[in-house]
Amino acid sequence: MSENKEKEEEKPVVAKTAIDLQRLKLQKLMKNPEKPIILPERPKAKSTPTVPEFVRNVMGSSAGAGSGEFHVYRHLRRKEYARQKFIQEKGHKELLDEEYHKKIEENKRIAEEITAKKRAKRLKKKQKWKQNKKMKTGNVEQHNKSANADSDEESLDEEETGDKNDNEAQNISSNEVKDTSSINLDENQSKQSNTPVNT
């Protein structure tokens, strides 16, 4: 069993994703927690090369004079070209950084404009919804008030019509009584007239 474990430990583990790679690094660190961690420092930016000092010893114009100093001239020329290249690269990098920051600011401004526009739209929609809700509740209250007023009027009308109906019913019943009594009287009279009188 110990041999199997050793074989498993000896097999190299291949990290397929960034998560696996990070997991392996953490496991390696946690195997020996007492070991100090060395964090690499950020690379320092290169300083601008110094301007070469002016070479004051001018070569003579005679043939072959100062021919041994050509390597000094070549070295100075190379340093000057390197300095100019560094200055151009630095200027180009600053230009790119400036464009990048301008683009970020522009994107922020556009995002804020879009957000403000959407916020205004949301607030407008919310206010409209509140107004509609107030209108509906106001209409319901007015409807309830008008319904209450209508019901009060109807109840008054019903009471009045009920009183009128009662009066009419009493009048009708009294009229019917009178009519029936008059009919009864008429019938009685006709019976009396039809019956022969025995004398």
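For this structure, a couple of remarks:
- Residue within the range 84-104 that is surrounded by 10 or more Cβ atoms within 10 Å (Cβ to Cβ) and either more than 30 Å from Pro49 (Cβ to Cβ) or in contact with a His (Cβ under 8 Å, 6 or more places away or on another chain) (or both) present: yes
- Checked against the criterion of being at pLDDT 85 or above, of a type in the set (Gly, Ala, Ser) and in a helix (DSSP H, G or I), the candidates Gly91, Gly138 yield just one match: Gly91.
- Options Glu34, Glu53: the member that is of a type in the set (D, E, K, R) and modelled with pLDDT under 85: Glu53
The values are calculated or read from the model by the stated rules, or taken from the named source; none is laboratory data. As the structure is a computational prediction, the values presented were derived from the model and not from experiment. Cβ coordinates were reconstructed from backbone atoms using ideal geometry, including for glycine residues, and neighbour counts include every protein chain displayed.
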